[in-house]
Amino acid sequence: MKTLKDLIPKDKIVFYRPDYNVPLADGAITDDFRIAATFPTLDYLIEGGAKIVIGSHIGRPDGVEAPEFSLRPVAERLADQYPDHTVQMAHKLVDPEVKDAIATMEELCHACKWEVLARHDKMFPPGYSIHELGTCRMGSDPKKSVLNGFNQSHDVKNLFVIDGGAFVSGGSQNPTLTILALTMRASEYLAEKMKRGEV
């Protein structure tokens, strides 16, 4: 299985989806453990010459613009950590920075030979489409995927990933029913394997 160290980041645009859902109190971060845990990855990409696009969220704003769920404290923490680099935040729903971010993501998709089916420079309100999908894709070829068709790791037979991580693509809405269906199938498969003593 390939790791980050197999990536040559020079002149590449890297989309990074960390978990920056950190605890806040009065707009200040009370525990930056999740942010600090990403520094080695960011260091490797920055030192390797990559341009990084980060996507994350805080809380569940439920479709409305909620300042208390803003990622600005996270952006400020990253700016403190990397004072020699510009940390730019797309902070409005419609704004030149958003259009630039969309264009950058489209460029990234084309570089990965992905087909862009639709492009929207007007973002949905925060919380409208928060779904964490991908990162350990499902597939039949262990060289190109992490999981088999039953959400079982190709390399570690007693490891099953039954959340949205198995998705090979992501829509903006309603993956939950698909996740439930995949989980049911994986659970039945796992139960049968356990009966046979194969895991």
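The distance between label points at F39 and R185 comes to 4.2 nm (points 7 Å beyond Cα on the Cα→Cβ vector).
Note on K51/T3: beta-carbon distance plugged into 1/(1 + (r/R0)^6) with R0 of 22 Å gives a FRET efficiency of 0.60. Spacing of the modelled spin labels on Y16 and Y82, each 7 Å from Cα toward Cβ, amounts to 0.5 nm.
All C-alpha to C-alpha distances of the range 4-111, sorted into 10 Å bins beginning at zero, yield P(r) values of 13, 43, 36, 9, 0 percent in whole numbers.
So, with +1 on the Cβ of K and R and -1 on the Cβ of D and E, and no other charges, what is the size of the charge dipole of the range 131-199 about its Cα centre, to the nearest 20 debye?
In total the dipole reaches around 180 debye.
From the cross-link list K144/K193; K157/K195; K5/K157; K144/K195; K113/K144, which pairs have alpha carbons spaced over 26 Å apart? Those over the limit are K144/K195.
With each label modelled as a point 7 angstrom along the Cα→C-beta vector, the A118-D32 pair spans 3.8 nm.
Here, each number is a calculation from the coordinates, and none is a lab measurement. All values derive from a computational prediction rather than experimental measurement. Ideal geometry is used to build each Cβ from the backbone, glycine not excepted, and the neighbour counts take in all protein chains shown.
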